[in-house]
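Working notes for the structure below.
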Amino acid sequence: MSKSNCYEVNFDGLVGLTHNYAGLSYGNVASSSHGGLTSSPRAAALQGLEKMMALHRLGIKQAVLPPQERPHIPTLKKLGFEGSNDAEIIKNAAELTPHKLASACSASSMWVANAATISPFPDSADGKTHITPANLTSMFHRSIEVETTGRVLRSIFAGAGYEHHSPLPVEPVFSDEGAANHTRFCNDYGETGVELFVYGSSKVKPDLAPKKFPARQTLESCQAIASNHCLDSSKTVFAQQNPQAIDAGVFHNDVIAVGNRNLLLYHEQAFVNNAEVRSQLVTAFDQGELIFIEVPSAQVSLEDAVASYLFNSQLINVPGTNGTTIIVPTECRDTEPVHNYLKQLEMDHDAISQVLYFDLRQSMNNGGGPACLRLRVVMSEDQIEGCAANVFLSDSLYEQLKSWIEKHYRGSLAPEDLADPTLLDECRRALDELSDLLNLGSVYDFQLG
Ligand code: SUG
């Protein structure tokens, strides 16, 4: 396979029709504090689509991943809810245990940074792109995503150049939340990269686990993925997250660090040992200088980092410009110390050329910023051209998706609306249309019969 002309494609998750605030994610401060509020699925989906389109207009390769079928009737059936039809099953679940219905309704698949870990072909010994869907075992509502995610990824990344692995075993020791804890360093995307896997807990150092909130990624899962993906051990680094950060609401590494190419932006309290992480990365990286920007706690506290999602940003190289552009949520402008820090960074640091702010409030209220909404996949020009799915954003696909959202999505969704059985029909109708538009084939349970 040719290694020239490789791009990092941002696949963004389209927000689903049941986007709602159910307070399902313990340890995710935004999710807990917005539980029970009324959401706007339409506004959420449009906010996400506008971010995608803005990146497309900047010349970044941008693609979409579809939302999932919700409420998920197979899950409700597995949990023992019965009925002669789907509407009755939903009614029974709503009456008996609304929180279980809320789990089966969650639109959480939009945060595709948790969909899978992907090692592109330049990194693996067999020259294939390796894909492991995350098992998402630490949150029940997220574990529902896994099977459909696997089908969607197989549909889009099809052919001999891709190796699709099964999710890791459903065991706490293999808890895996995908690319949110995985960063790749390289000079050019087509060169062999260094892959950094960040974990929150491990069997070997149990005393370093967080005390309050769950660690959602384990060392054991990172090691299994690196091995299955045939990575070169001299170009693979494992690092432990600072447990105090997890206890402050940093439930994934992408809430406290972000990297792209030869740049790592991270907080002073990101890792158990920042100096060791830097030194391991420098040893593994043989393509020139790595640039580290460590944000001091004195300038941005952990609390402000979590509230603003400064590190849940996207670092992109806009064609025709020098330096890196940072895509951040508007909460970074609203959080004064973070705004001050970003202004200083933009002015003083050669590596950073501009900061762009995006309104993603609907997703942010559930703990999902710009980086959570995207899954990065390095693809060659041949792979992009060979992709049969119609997922790469263009002016016309943008217009089609916008009309599709405006036609199908509700303007508001209150917690009690989840019990409305017509929501399921609305969702299935919309997804049937979408899977046709994106040329995905049958990927949903209701399509498979
Ligand atoms: O898994 N929130 C998601 C947010 C995921 C963010 N992803 C990354 N950081 N990469 C989660 O905690 C909240 C759903 C609710 O409460 O209704 C939720 O699932």
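The values are calculated or read from the model by the stated rules, or taken from the named source; none is laboratory data. Quick caveat: nothing in here was measured; it's all calculated off a predicted structure. Because the Cβ atoms are built from the backbone with ideal geometry, glycine has one as well, and the counts that use them run over all protein chains shown.
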Selection within segment 20-50 - in contact with a Phe, Trp or Tyr (Cβ under 8 Å, 6 or more places away or on another chain), farther than 29 Å from Gln62 by Cα and either more than 8 Å from the ligand (Cβ to nearest atom) or part of a helix (DSSP H, G or I) (or both) = Tyr26, Ser32, His34, Gly36, Leu37, Thr38
Selection within segment 282-296 - surrounded by fewer than 13 Cβ atoms within 10 Å (Cβ to Cβ), assigned to a loop (DSSP other than H, G, I, E, B) and not small (Gly, Ala, Ser) = Asp286, Glu289, Pro296
ask   = Does any residue in segment 52-64 that is free of Cβ contacts under 8 Å to residues at least 60 places away in the same chain and farther than 14 Å from Gln314 by Cα come within less than 7 Å, Cβ to Cβ, of a residue that is surrounded by fewer than 16 Cβ atoms within 10 Å (Cβ to Cβ) and among the small types (Gly, Ala, Ser) six or more places away or on a different chain, and which pairs are these?
value = none
query = Looking at this structure, is Pro67 crowded, with 18+ Cβ neighbours inside 10 Å, within 16 Å of the ligand (Cβ to nearest atom) and either within 30 Å of Asp359 (Cβ to Cβ) or not β-branched (Val, Ile, Thr) (or both)?
reply = yes
Criterion: within 17 Å of Tyr199 (Cβ to Cβ), among the hydrophobic types (A, V, I, L, M, F, W, C) and assigned to a loop (DSSP other than H, G, I, E, B) - qualifying residue of Val250, Val277 = Val250
inquiry  = Please determine whether any residue of segment 46-54 is out of contact with any strand residue (DSSP E or B) (no Cβ under 9 Å at 6 or more places or on another chain) and on the phi > 0 side of the Ramachandran plot.
reply    = no
query = When you look at Ser201, is it of a type in the set (Ser, Thr, Tyr) and either crowded, with 17+ Cβ neighbours inside 10 Å or within 16 Å of the ligand (Cβ to nearest atom) (or both), yes or no?
reply = yes
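Pick out the one residue from Thr129, Thr148, Thr137 that is in contact (Cβ under 8 Å) with a residue 60 or more places away in the chain, among the β-branched types (Val, Ile, Thr) and farther than 18 Å from Thr18 by Cα.
Numbers: Thr148 fails: farther than 18 Å from Thr18 by Cα; Thr137 fails: in contact (Cβ under 8 Å) with a residue 60 or more places away in the chain.
One residue alone meets the criteria, Thr129.
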request  = Could you check segment 98-180 for helices (runs of 4 or more DSSP H) lying wholly inside it with 3 or more residues that are more than 16 Å from the ligand (Cβ to nearest atom) and aliphatic (A, V, I, L, M)?
outcome  = 146-156
note = Filter segment 414-433 for residues that are surrounded by 16 or more Cβ atoms within 10 Å (Cβ to Cβ) and either under 23 Å from the mean Cα position of the chain (by Cα) or among the small types (Gly, Ala, Ser) (or both); the one that is nearest to Leu153 (Cα to Cα) is Leu431
message = If the requirement is being more than 30 Å from Val15 (Cα to Cα), in contact with a helix residue (DSSP H, G or I) (Cβ under 8 Å, 6 or more places away or on another chain) and in contact (Cβ under 8 Å) with a residue 12 or more places away in the chain, which of these qualifies: Phe358, Phe311, Phe292?
response = Phe292
remark   = Scanning segment 77-97 for residues that are assigned to a loop (DSSP other than H, G, I, E, B) and more than 16 Å from the ligand (Cβ to nearest atom) gives Leu79, Gly80, Phe81, Glu82, Gly83, Ser84, Asn85
message = Considering only segment 294-311, I want to know if a residue exists there that is at pLDDT below 95 and either closer than 21 Å to Gly193 by Cα or hydrophobic (A, V, I, L, M, F, W, C) (or both).
response = no
inquiry  = From the list Arg57, Arg42, exactly one residue is charged (D, E, K, R) and crowded, with 20+ Cβ neighbours inside 10 Å. Which is it?
reply    = Arg42
request  = Check segment 278-294 and report whether any residue there is touching a Ser or Thr at 6+ places or on another chain (Cβ under 9 Å) and on the phi > 0 side of the Ramachandran plot.
outcome  = no
task = Please state which one of Ser221, Ser234 is in a helix (DSSP H, G or I), touching a residue at least 12 places away in the same chain (Cβ under 8 Å) and out of contact with any Asp or Glu (no Cβ under 8 Å at 6 or more places or on another chain).
result = Ser234
